[in-house]
Amino acid sequence: MMSSVVLPGGTRVPALGIGTWMMGERAGARKAETESVRLGIELGLTLVDTAEMYGEGACESFLGEALAGLRDKVFLVSKVYPHNASRAGVVAACERSLKRLKTDHLDLYLLHWRGGVPLAETLAGFEQLRRQGKIGHWGVSNFDTDDMVELSETPGGEGCATNQVLYNLTRRGPEFDLLPWLGQHDMPLMAYSPIEQGRIKTRGVLGDIAAKHGAKPFQIALAWVLRKPGNIAIPKASDPEHMRENARARDIRLDADDLAALDAAFPPPSRKRALEML
């Protein structure tokens, strides 16, 4: 398992980061969520992912407070709504995100999914932000293979740093053609919901392999996503103990027997499937 991944351009990021979807939305959970995020950073999970969509800005505002004093240790990622992704719109949306996050720059800014705005317009906005030093890198999210091909053929499209998609043991569709395409272009895949928001079936094979490694089933599922160089996983952990358990998944080495058993229980795709989204 790789402990870090290199983005196009040479920036090294941790292979295991922190997802924050639905964080910062419940006052009663805020203390535990803050402690969890800060512990994760201490444990080396320094890639933190959010989006303007999450709680309509509430998650970014939460992180602006939770990351107080830690911003320089974090590779901070946010995402722009498709309807805000015109050239001027993406710049304005980024400014709003920066204000909520209490920072002067994002390390990575993603188009959350395909919308009606031509890609060339969005890229022009991204490049303007990059020139201004407001973002370090840009990328996309929820792009299928044909979208990536179109992006690569758009002037400036070669600047894309990553594609964040739904990928886990039960959602292996990207392996058919998207992951190979990304590999050919030396572009990392960033897996959101890498343990299917905790819904992966834990009895049977996953439970057996977990017992063998002295781990929990979801840690095995996380280690499986991280098994390939170039994969980044961003699970959420709303309390410190869960964050510690996520971090321990980095130390699990799945052997050939484990991988074969997981393939039998969660078969890889034999044909093209449309990219799934949550």
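The values are calculated or read from the model by the stated rules, or taken from the named source; none is laboratory data. These numbers were taken from a predicted model, which means no experiment stands behind them. For neighbour counting, all protein chains shown are included, and Cβ atoms are generated from backbone atoms with ideal geometry for every residue, glycine included.
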Have a look at 114, 38 and point out the one that is charged (D, E, K, R), at pLDDT 95 or above and in a loop (DSSP other than H, G, I, E, B). 114
Within the bounds of segment 64-81, is there any residue that is buried (at least 18 other Cβ atoms within 10 Å of the Cβ), hydroxyl-bearing (Ser, Thr, Tyr) and part of a loop (DSSP other than H, G, I, E, B)? no
Enumerated helices (runs of 4 or more DSSP H) restricted to segment 168-278, each holding at least 1 residues that are more than 25 Å from residue 145 (Cβ to Cβ): 205-213, 217-225, 240-248, 256-265
Subset of segment 140-165, residues assigned to a strand (DSSP E or B) and touching a strand residue (DSSP E or B) at 6+ places or on another chain (Cβ under 6 Å), comes to 140, 141, 160, 161, 162, 163, 164
Hey, can you tell me all the residues within segment 249-271 that are surrounded by fewer than 16 Cβ atoms within 10 Å (Cβ to Cβ) and either at pLDDT below 95 or of a type in the set (D, E, K, R) (or both)? 251, 253, 255, 257, 263, 271
Any idea which of 162, 154 is surrounded by fewer than 21 Cβ atoms within 10 Å (Cβ to Cβ), among the hydroxyl-bearing types (Ser, Thr, Tyr) and either under 20 Å from the mean Cα position of the chain (by Cα) or modelled with pLDDT of 95 or more (or both)? 154
It is to be established whether one or more residues within segment 16-37 are farther than 22 Å from residue 128 by Cβ, surrounded by fewer than 23 Cβ atoms within 10 Å (Cβ to Cβ) and either of a type in the set (Val, Ile, Thr) or touching a Leu at 6+ places or on another chain (Cβ under 9 Å) (or both). yes
